[in-house]
Structure formats: structure tokens, C-alpha cells
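First the structure, in the form of C-alpha cells, and then the observations on it.
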Amino acid sequence: MLFRNLSIENSKELYDIRVTDGRFDKIGSGIEPMPGEEVKDYGGKLALPPFVESHVHLDTCLTAGQPRWNMSGTLFEGIERWEERKETLTREDVRERVNKVIRMQAANGVQYVRTHVDINDPDLTALQEILELREEVRDFIDIQIVAFPQYGILSYPDGRNLLEKALQMGADVAGAIPHFEFTREYSVESLNICFELAQKYNKLIDVHCDEIDDEASRGLETVAARAYETGMKDMVTASHTTAMHSYNNAYMIRLMRLLKLSEMNFVANPCVNMHLGGRVDTYPKRRSLTRVKELTAEGCNVSFGNDDVFDPWNPMGNGAMRDAVFMGLYAGHMLGYEEIMNSYKFVTTNAARTLHLGDAYGIREGNDANFIVMDASDYYDALNNDAKVLASYRKGAVIAETVPAKTEVKF
Ligand code: 17E
Ligand code: FE2
């Protein structure tokens, strides 16, 4: 099959893409169709590698208001509301909600998802179900699972064993939550355990790190030091890191050297952290977004995630990556022309690096023909007009399609 006239990642020149046996066979300009070859002419639309959701909690999705709404809008009330909802958690309930959300994501061009799954549950109900679903939907969406200890590794009964069990059962990534542990000592020790278990089972690491407006929350320096010392480096990710917003600049300069040495990844979740953060401030109110612009300028890998889709932490969300980019650019002071044009990388290539997708990800000859086509001429246009994903292709086959609505203005 031949796809014609696509702007690949904002290219000025339009390209044609031949897909054979589900792979990118040939990419070039002016490729002529072979006799009998099916042709789809996109007339200059934007092609991107599929969106990558690098941070979401699928197990909590679609539970906002159940049984009660988070009225304070804080992280901590979110955790309390989730604790109540967890009491009624069943495998069927998890299956139904996750099945819905991954289809919302697919409709919006997402083909790779890293989900955190709360493993502070003696029965590991959500984990069991999502492990099963991960296999069932493999042909349509790649799901990577983080064993996420919501209440801590040392501050929850049997936390260490639950984390180890989750990794043995097949979670891909070890998690931790240093800012939620009872003490600073537990926080450091919980990270040591996380690294020890990740190395024992050869897993990646993704830490909910310093998601708090406390300038003294410094889990990140320990994560970065361990990433560097163990050599795990880019296998390690720090998510949220919102306390970095509040660090003094003298400390930040010292920390930045270590962050660069560590080669670790960062995930910011702009919508949810703009919503949850700054809640103890009067005026001025902090933004609670990690230092995306500065990290990026120093060459650190940063991606954007949604964190939530309609759950106790964020009552909004549709699974699309656009809002994360939009909010991230505004809150991060990154609306320069080039910054807007390149911002798709926060939810494509940068996020793929965090997930360790390797060279198999990307629109390149020889790779699986996984790509999306947007109803826009470049990403600036796509972002500004909230363009739909016209089609999401997986191994050359359409897995989701959208026909954009038509509007007529009567004057
Ligand atoms: N749990 C947590 O600790 N932080 C979050 N942002 C979410 C769950 C969504
Ligand atoms: Fe999160």
C-alpha cells in the first residue's frame, strides 16, 4: 500500500510511504504506485509516529466522584478518595474501565502506554487484571506496567514484598514514592529497595518523585545518584518532580550537574499538577510544574503525560495527549515558534525514550508501519486547532479512524 503526500514530523517536503507486509518498506518523494497497488493520498497532512502516553494510572481511570468527589483538589485528598474506591475494586470493574480508556487513547492516536498500577493491595487485584489485558490488546496498544506503591514501600504493611511479588508476576517497571514515606530515612531506604529489586529482576524504574510543594522534598537527588552509581541511567525515570519548582536556584545548580550525569528521564504531568499544586499557597500561587524548560535546555529527556483520566486526582481527561502538551507549553513558558513546532516530541520521541522503545519506534524504513495522520499541515496547526487524528495505523492497518466534524459559518 502506498500513502502519498505526507509531511513527516513537520517536513516542508512531502513524502510518500510504501508499506509492505506491515512494515515501512520505502519512504521517499515521488514514489510511483506499482500496478494494482492501493493508494491513499493525504494531500499534505501531518504524519507522526504514534503518541506515547508515558504516565497514566489506568487502574484509577473513570472513577471520579466514586464514592465521593475530591473537593479540596489536593493530591492527599485524591489518595483518600482512591482508598475508599479501592474497597469496592473488582477485576471486572478494572477490566471494564481500562478497556474503555485504552480505546479513548487509541482514538486519539496513542499506541504506547506506561501505566502505574497501585500495588498497595494484598490481593493485587488491579495488577492481575491489567497484566491479563496487556496480553489481550498487544496487537493494538503496548502497555507497560509500573508496580506503583501508592502508600510507600516501607510505610505500608508488607510493602517490600508486594513490590517484589508484582515484579515477579510480570510488572515491567519498579516504582516508589519517596515523598509519601513516613520519614526521610524511609524515603532513602525505599529508593534503595526499589533499585535493588529492579536490578534483581532486570526491570526499569519509574518513581513518583517529590510530587509536593515542599522545597525540602529531595528524593530526586537520591534517585539520580543511584541511577548514576548503579549504571541504570536512562532505565530510570522520575515522574512529577514538582518540588523542583520550589527548589532554590543555588541547590538547583548543584542538582542539575547530577541530573545530567545520571542520564535519567523526567515525566511532567502538566494538567494534573497545575490542578493539585499550589494548594497551600495564598498569593502568589506556585505552578507546581517541574522545570521542563531548564531540563530540556540542559539536554535531559523530558516527556509529558496525563497521569489521570477522570479520576480522584483530575476530574477531567479524554485520553488524548493534546491537553498535556497545551498546558505544558503555557505553564512552562514555552510558546516560542520552534518550541511549539517541536512540542510533539514531548508525547512521541521523548516519551518513547522514557519507555525504552528503542529504534523500533519511529517512521523509518524497516520498522513496523506504526504511525498516525493528523488533520493538520504541521504540529503548530495541529496543536492550535486541536486537530483530530484522522487515522492511526498499526503494522499498516487502521486501528482507529476519525471523520472530522464539518462546520459552516453562515455569513
Ligand atoms: N497517585 C499519586 O501519588 N499521584 C498522582 N498524581 C496520582 C496518583 C494520579
Ligand atoms: Fe502519577
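Each reported figure results from applying straightforward, stated rules to the coordinates on display, with no laboratory input. What you are looking at is a predicted structure, and each value in this text was computed from that prediction instead of being measured. In this analysis, Cβ positions are derived from the backbone assuming ideal geometry, glycine residues included, and neighbour counts consider all displayed protein chains.
Scaling the Cα radius of gyration of the range 210-289 by the globular reference 2.2 N^0.38 Å produces a ratio of 1.12. For the set 203/260; 100/293; 26/388; 345/410; 100/345, the pairs lying more than 29 angstrom apart at their alpha carbons are 100/293; 345/410. Principal-axis analysis of the Cα atoms of the chain puts helix 184-200 at an angle of about 50° to the longest axis.
Comparing 378, 359, 234 in a Gaussian network model of the chain, where Cα atoms under 10 Å apart are tied by springs, the biggest mean-square fluctuation is seen for 359. Can you grab the distance from the C-alpha centre of the range 233-262 to the C-alpha centre of the range 100-136, Å, no decimals? Here the answer is 29 Å between Cα centres.
Modelled spin-label separation between residue 96 and residue 386, with each label point placed 7 Å from Cα along the Cα-to-Cβ direction: 2.8 nm.
Computed from the Cα positions only, the extents of the chain along the three principal axes stand at 68, 51, 46 Å, in decreasing order.
Taking the DSSP beta bridges in the chain as the whole, what percent of them are antiparallel, to the nearest 5? Let's see the in-between values first.
Values: 20 of 54 bridges.
Taking every DSSP beta bridge within the chain, about 35 percent pair in antiparallel fashion.
Going from the residue with the fewest nearby Cβ atoms within 10 Å to the one with the most, 245, 55, 356 rank 356, 245, 55. Take the Cβ atoms of residue 254 and residue 74, set R0 to 22 Å, and the FRET efficiency comes out at 0.15.
For the chain, the residue among 156, 133, 409 whose Cα projects farthest onto the positive side of the dipole built from Cβ charges is 409.
Of the residues 54, 29, 288, 377, the one with the fewest other Cβ atoms within 10 Å heads the list, and the complete ranking is 29, 377, 288, 54.
Counting other Cβ atoms within 10 Å as a rough exposure proxy, the listed residues 230, 125 run 230, 125 from fewest neighbours to most. Put simply, the amide H of residue 120, placed in the peptide plane, has neighbours under 5 Å in 150, 151, leaving out anything fewer than 5 places away on its chain. Antiparallel beta bridges, as assigned by DSSP with both residues in the range 1-151, represent about 30 percent of the total such bridges.
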